[in-house]
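Trainee: Following this message is one structure expressed as structure tokens.
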Amino acid sequence: MALDPKDFVLPSHLVDLQRFSSVVSSAALQVSASPYVGVSMAVEASAAVRNLLNPSAALLGATVTPAGYPLTAYSSLATLGKPYDALRGISVTHPYSVTIDSLAVAGSVGRGVHDLYANTALGSSLVQGSALSRAGAAFHVGVSDSLRIASNVTAPYLASSAAVFSLETTYARLLGSTGLTIAGAASVNALQTNVLSVSGALRDAWSAIRSDSAYLSSASLVGLRSPAVELYTATHAAAAISLPRDDRPERDNEVEEILDESVDVFESRLAAVNQGLVNTYRGGTEALENGRTDWQRHAMVSFRELSTHVLHKLAPDEEIIPSAKPADLHDGRPTRRARLNFIFSEAGGAAIAKFYEADMKAALALFDLLNDGTHRLEQNATVDQVHYLRGRIVGLLSSMLEARGF
């Protein structure tokens with residue numbers, strides 16, 4: 001049974017941090033005995049927090065949002081790190097490794113935003129006409145607007161937790177049955193490992209940046225939420241190519257809008273860098289949509305080529321080599337990591353660059369997986385498969401374009 005967010009609001013209209021902490025602590029203890037029950041409790045708690053982070057849900061019953069509300073709300077979100085802290089390395093949690101990672105990420109986001117709020121003066125009234133496109137504005141406007149913007153940052157992280165929990169629950173059920181009818185155990189394990197690599201990199205990134213107040217207070221809304229959208233898309237892509245529609249995670253409307261907006265403007269952003277990149281992108285998407293002979297290889301080659309070209313255009317040799325360290329070069333050319341460090345040098349630095357390095361590796365590995373026979377799709381790609389496979393590339397490259405001002 002889902003938790004009622006209203007039960008976590010005190011008479012003072014602040015969030016009941018102690019109650020949230022108690023629920024999440026109980027979830028962490030439950031996982032050792034019953035991974036599904038314990039992780040399910042933590043995911044339900046995250047859903048309750050998500051509702052509490054959105055003032056438009058009218059949960060407070062107050063005309064003015066209390067000044068201390070953001071602190072108590074994000075303190076509650078921070079408790080989601082407990083299952084990871086208590087359970088990392090325990091083999092019994094393996095079926096839900098990605099979910100536990102994603103909860104740890106949400107906890108780190110909560111801790112980072114909480115600490116920033118704790119050191120930032122907020123007005124007590126709603127500021128009209130605030131610049132909602134920049135996450136930094138969340139910490140310099142009235143409480144209600146502030147919470148709304150911060151909710152826009154946080155929601156994709158909680159949506160990705162729900163998606164990976166659904167995926168891992170279905171995989172655990174199907175792998176435990178004798179009549180596995182999806183891609184097969186080897187393919188499922190490969191897909192889960194692919195998503196796990198993204199979630200693990202995201203967990204490590206937020207462990208590093210949660211205490212970086214300078215980054216959190218100045219980063220764009222897009223820059224802060226994009227890694228969560230990447231995990232969400234990776235999860236849905238894995239589901240779309242391995243599970244029947246009825247077994248796939250539910251779509252999250254808020255994240256889907258972000259994906260649709262990214263796709264809508266992607267070609268124009270590519271063209272701003274180089275018009276030739278648009279043709280390469282179209283070649284990959286047409287291969288997906290048309291499903292002609294050897295479409296997997298055509299899509300893979302196009303997207304791999306596009307990723308390489310974008311990486312080199314945004315981080316050219318002549319910009320990197322003059323100040324490069326020996327470890328930044330291979331055969332005299334900048335490594336992928338060096339290029340990504342350059343791209344994200346002013347947008348999160350090494351922690352975010354390392355995440356996108358893992359994200360790019362996982363995205364390309366997914367297309368390799370489709371092409372190498374381990375999980376080959378012989379039929380035309382479905383609408384969902386096109387949507388999320390294309391989304392893997394669009395999201396990844398859009399983050400790089402955003403970081404470099406395109």
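The values are calculated or read from the model by the stated rules, or taken from the named source; none is laboratory data. Model, not experiment: these values are computed from the prediction. Neighbour counts run over all protein chains shown; Cβ positions are idealised from the backbone, glycine included.
Trainee: Across the range 8-24, what is the number of residues that are in contact with a helix residue (DSSP H, G or I) (Cβ under 8 Å, 6 or more places away or on another chain), at pLDDT 85 or above and not hydrophobic (A, V, I, L, M, F, W, C)?
Mentor: 3
Trainee: Within the group D384, D359, D368, which residue is of a type outside the set (A, V, I, L, M), under 23 Å from the mean Cα position of the chain (by Cα), more than 19 Å from S262 (Cβ to Cβ) and assigned to a helix (DSSP H, G or I)?
Mentor: Among D384, D359, D368, only D368 is of a type outside the set (A, V, I, L, M), under 23 Å from the mean Cα position of the chain (by Cα), more than 19 Å from S262 (Cβ to Cβ) and assigned to a helix (DSSP H, G or I).
Trainee: Looking only at residues in the range 1-20 that are in a helix (DSSP H, G or I) and within 24 Å of the chain's Cα centre (by Cα), which one is surrounded by the fewest Cβ atoms within 10 Å (Cβ to Cβ)?
Mentor: In this case the residue turns out to be P5.
Trainee: Now for a separate question. What pairs come out if I take residues in the range 150-165 that are in the same structural domain as S199 (by TED's automatic domain parsing) and farther than 12 Å from L224 by Cβ and pair them with residues that are of a type in the set (D, E) and assigned to a helix (DSSP H, G or I) whose C-beta lies under 7 Å away, six or more apart or interchain?
Mentor: Filtered contacts from the range 150-165: A159/E254.
Trainee: Another question about this same structure. Name the single residue that is surrounded by the most Cβ atoms within 10 Å (Cβ to Cβ) among those in the range 304-348 being of a type in the set (D, E) and assigned to a helix (DSSP H, G or I).
Mentor: Per the criteria, the residue is D328.
Trainee: Does the range 205-224 hold any residues that are of a type in the set (D, E, K, R) and either surrounded by 23 or more Cβ atoms within 10 Å (Cβ to Cβ) or modelled with pLDDT of 90 or more (or both), and which are they?
Mentor: The answer is R210, and nothing else.
Trainee: Residue check: is L77 modelled with pLDDT of 85 or more and either part of a helix (DSSP H, G or I) or on the phi > 0 side of the Ramachandran plot (or both)?
Mentor: yes
Trainee: Still on this structure, please answer the following. Scan the range 288-303 for residues that are under 15 Å from T382 (Cβ atoms) and crowded, with 20+ Cβ neighbours inside 10 Å and jot them down. Give the steps one after another, and end with the answer.
Mentor: Keep residues of the range 288-303 that are under 15 Å from T382 (Cβ atoms), which gives 288-291, 295-296, 299.
Those that are under 15 Å from T382 (Cβ atoms) and crowded, with 20+ Cβ neighbours inside 10 Å: L288, W295, Q296, A299.
Trainee: Here's something else I'd like to know. List the residue pairs whose Cβ atoms are under 8 Å apart, where the first residue sits in the range 263-290 and is not assigned by TED's automatic domain parsing to the domain that holds H387, the second is modelled with pLDDT of 95 or more and outside any helix (DSSP H, G or I), and the two are 6 or more positions apart or on different chains.
Mentor: Short answer, once both residue conditions are applied: none.
Results for (1) assigned by TED's automatic domain parsing to the domain that holds S197; (2) in a helix (DSSP H, G or I); (3) modelled with pLDDT under 85, shown as yes or no for each residue.
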position	(1), (2), (3)
T93	yes, yes, yes
I100	yes, yes, no
D115	yes, yes, yes
L126	yes, no, yes
L132	yes, no, yes
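Trainee: Continuing with the same structure: Among the residues of the range 298-309, are any within 24 Å of S187 (Cα to Cα), of a type in the set (V, I, T) and out of contact with any helix residue (DSSP H, G or I) (no Cβ under 9 Å at 6 or more places or on another chain)?
Mentor: The answer is no, given that none of the residues of the range 298-309 is within 24 Å of S187 (Cα to Cα), of a type in the set (V, I, T) and out of contact with any helix residue (DSSP H, G or I) (no Cβ under 9 Å at 6 or more places or on another chain).
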